[in-house]
Amino acid sequence: KDSVEAVLSQRPPLMDVVRRVEAVEAFRRLPEAESLAAANKRVANLLRQAAAKGESYSRAESDKLKEPAERELYSALAITASDAKGLYERGDFTGFLKTFAALKGPVDAFFDSVMVMVDDRELRRNRLALLARIRAATSSGSSPGTIRASIVPQADAGITFGLNPAASVVTACVLRSS
């Protein structure tokens, strides 16, 4: 029921609803899904805290990433975008969502070894921009090409998946709270 409601809340083309619900259900069964949801709740919280402090950032610049884990996450996002985009365009929503499972390791490593809110203003902004890149395709202002589906394990949370083909950005399981 949660998967159906989540897919319908995104107002997809009617002919895609069943395939999108099936894709969400398949993703929910992956062992990576829960870990990515927890990590992405952290992403949402960090970005919310940064906004509350008036932080500004534009886009992540690979040459300004210092830690191996943040460089790996940046690269993994680019690879995932490339892999997922074709699947999405072919209507393979299950393959599209399953592609995001590859981000579990890089996301976990990032949060295990990278401090986002550091004193170095430029480094902090770049790291926030990297996190914002993860969230970008799942924002409510995303392009019509975005596929999103929320899995609601609790009343106040959902996992959102998205691809914004116009920006060639893929997000993986971004947890959004009400």
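The values are calculated or read from the model by the stated rules, or taken from the named source; none is laboratory data. Not measured: the values here are computed from a predicted model. Positions of Cβ are backbone-derived with ideal geometry, glycine not excepted, and every protein chain shown enters the neighbour counts. Keep in mind that these areas ignore ligands, DNA and RNA; they rest on the heavy atoms of the full protein, side chains included. Shrake-Rupley method; radii C 1.70, N 1.55, O 1.52, S 1.80 Å.
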Only one residue in LEU123, LEU97 is open to solvent by less than 70 Å² (accessible area, probe 1.4 Å), at pLDDT 85 or above and assigned to a helix (DSSP H, G or I), so which one is that?
LEU123
Filter pass, SER58 being open to solvent by 70 Å² or more (accessible area, probe 1.4 Å) and within 19 Å of the chain's Cα centre (by Cα)
yes
Determine whether ALA102 is assigned to a helix (DSSP H, G or I), under 20 Å from LEU30 (Cα atoms), open to solvent by 10 Å² or more (accessible area, probe 1.4 Å) and out of contact with any Phe, Trp or Tyr (no Cβ under 6 Å at 6 or more places or on another chain).
yes
Of all residues in the stretch 61-94, which are at pLDDT below 90 and either open to solvent by less than 60 Å² (accessible area, probe 1.4 Å) or touching a strand residue (DSSP E or B) at 6+ places or on another chain (Cβ under 6 Å) (or both)?
LEU77, ALA78, THR80, ALA81, ALA84, GLY86, LEU87, TYR88, GLY91, PHE93, THR94
Of everything in the stretch 5-38 that's at pLDDT 85 or above and basic (Lys, Arg), which residue is farthest from the chain's Cα centre (by Cα)?
ARG19
Within the stretch 32-51, which residues are without any contact (Cβ under 8 Å) to a residue 60 or more places away in the chain and either closer than 11 Å to ARG127 by Cβ or open to solvent by 90 Å² or more (accessible area, probe 1.4 Å) (or both)?
GLU34, ARG48
